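The values are calculated or read from the model by the stated rules, or taken from the named source; none is laboratory data. Keep in mind that this is a model prediction, so the values were computed, not measured. No Cβ is skipped: glycine too gets one built from the backbone with ideal geometry, and neighbour counts run over all protein chains shown. Calculation scope for accessible area: heavy atoms of the full protein, side chains included, ligands and nucleic acids excluded. Shrake-Rupley method; radii C 1.70, N 1.55, O 1.52, S 1.80 Å.
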Amino acid sequence: MLKQAWHMLQNFREPTAPLTVALDITSRCNSRCVYCEVWKKKDFSADLTPEDVARIVDQSEAAGVRNIILSGGEATVYGDLFRLLRDLKARRFHVTLLTNALLFKPGVSQEKVDILNECVDSIQFSLDSTDAKQYEELRGVPGVDRVARALQLIHGPTRALSCVVSSENLAEIDAIVRFGAEHRADYVGFQPLNVATVFFDIPALEGKDQYLVPQEKFAPMRAALKDGIRLARELGVDTNLAQLDTWIEPFFRYSQVEGEDYFFNHVPGLKKFKCIYPSQSIYINAEGEMTPCRLLPSVGNIKGKDFIEEWRTNREMNEIRDNLKQGIYYEECKTCYCQFPPNLIYSLIRDPISNYQLLRHILPDAIWRARKFA
């Protein structure tokens, strides 16, 4: 832990190697989510080959990277996934797998289940509603039963649920917490719907903004979050609802405002915010494009290159890092949702005095969680 903290500090000063590689191993997806663009993609000819992925793994190992996050598209439709997982396990990487759980149909291969249990350290299943009809309306395919089956079959990795909060499923927050408790999930996470595309090379879906939580629903949203927090405490469920409660309303209120303003400027008690992600991690999309995060555009393709060296020396990447250190943000930062939580924690730790009011608000929950789930 201390070694990793020191590495983070050094990287923020002068990047040497990422702590984490987030890798989209495919752009194919078997869901049809109403708020995601990736399933609209039809041409997969530029996707990474198994040889490309192997080169990334080799370079990661040589550079001392320990954490690899596999996603897509949908990671489980990647044909070489299970060989890749065995390889990563043999090299002692800490592997996180993000999946929609559609793999877990009746009769799912026991061999695949065994590999997931043995080779994955953390697995995250998407669940935006426990109601089968609403789940299908939001994600385009049926799947609640498969998430339940996944939680039944997977016992080796840490198991998390991930819910995208939209105008359509506010009433489901309690139900998702309860679902997590009933199926013994290790963690239940929530994040706000992002109206921008998270695939810089695929345009945002038209009409996506209808799923944003409008201001007239802010009061019911706050009530739903408070109820979810109380229920999670009652059932002993580890969740991020208390932290989310501090910033989800500013996110929905200000993420679409024009001009040089950002929702994190309006989070109560957050006086000094810093983005650390591009100094600690790298995101590589399914075509080999390296980006500072999921929202910002590519700074170059790493196919056939030493991606660690590119991450460290790329002029555009370093310019973005320098700007973020100075508090100079980008249009895409207005809808930061995926990396905002770790950046928020970093900001609180880095400057607890300036951010004292917010720290005081979320510290009781953090202490309770540490005692309960450490």
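List of remarks:
- Which numbered condition R92 fails, given (1) more than 23 Å from G143 (Cα to Cα); (2) touching a Cys at 6+ places or on another chain (Cβ under 6 Å); (3) not aliphatic (A, V, I, L, M): (2)
- Candidate set from the stretch 151-190 (those that are over 18 Å from P214 (Cβ atoms) and of a type in the set (S, T, N, Q)); member that is surrounded by the most Cβ atoms within 10 Å (Cβ to Cβ): S162
- Note on the stretch 187-231: residues that are over 21 Å from D131 (Cα atoms) and either touching a residue at least 60 places away in the same chain (Cβ under 8 Å) or outside any helix (DSSP H, G or I) (or both) total 16.
- Counting only residues that are assigned to a loop (DSSP other than H, G, I, E, B) and farther than 22 Å from D261 by Cβ, the stretch 291-302 holds 3 of them.
- Entry remark, the stretch 56-86: residues being free of Cβ contacts under 8 Å to residues at least 40 places away in the same chain and open to solvent by 40 Å² or more (accessible area, probe 1.4 Å) number 5 in total.
- Those residues of the stretch 111-150 which are within 30 Å of A90 (Cβ to Cβ), exposed (fewer than 15 other Cβ atoms within 10 Å of the Cβ) and out of contact with any helix residue (DSSP H, G or I) (no Cβ under 9 Å at 6 or more places or on another chain), in sequence order: D114
- Boolean, I328 is open to solvent by 80 Å² or more (accessible area, probe 1.4 Å) and without any contact (Cβ under 8 Å) to a residue 12 or more places away in the chain: no
- Restricting attention to the stretch 303-335 and to residues that are part of a loop (DSSP other than H, G, I, E, B) and polar (S, T, N, Q), the residue that is farthest from T20 (Cα to Cα) turns out to be Q326.
- Hits in the stretch 165-213 - residues which are closer than 29 Å to F44 by Cα and β-branched (V, I, T): V195, T197, V198, I202
- Residues in the stretch 262-279 that are without any contact (Cβ under 8 Å) to a residue 60 or more places away in the chain and open to solvent by 10 Å² or more (accessible area, probe 1.4 Å): N265, H266.
- Taking the numbered list (1) hydrophobic (A, V, I, L, M, F, W, C); (2) over 20 Å from T99 (Cβ atoms); (3) in contact with a Gly (Cβ under 9 Å, 6 or more places away or on another chain) in turn, L161 passes all entries but (2).
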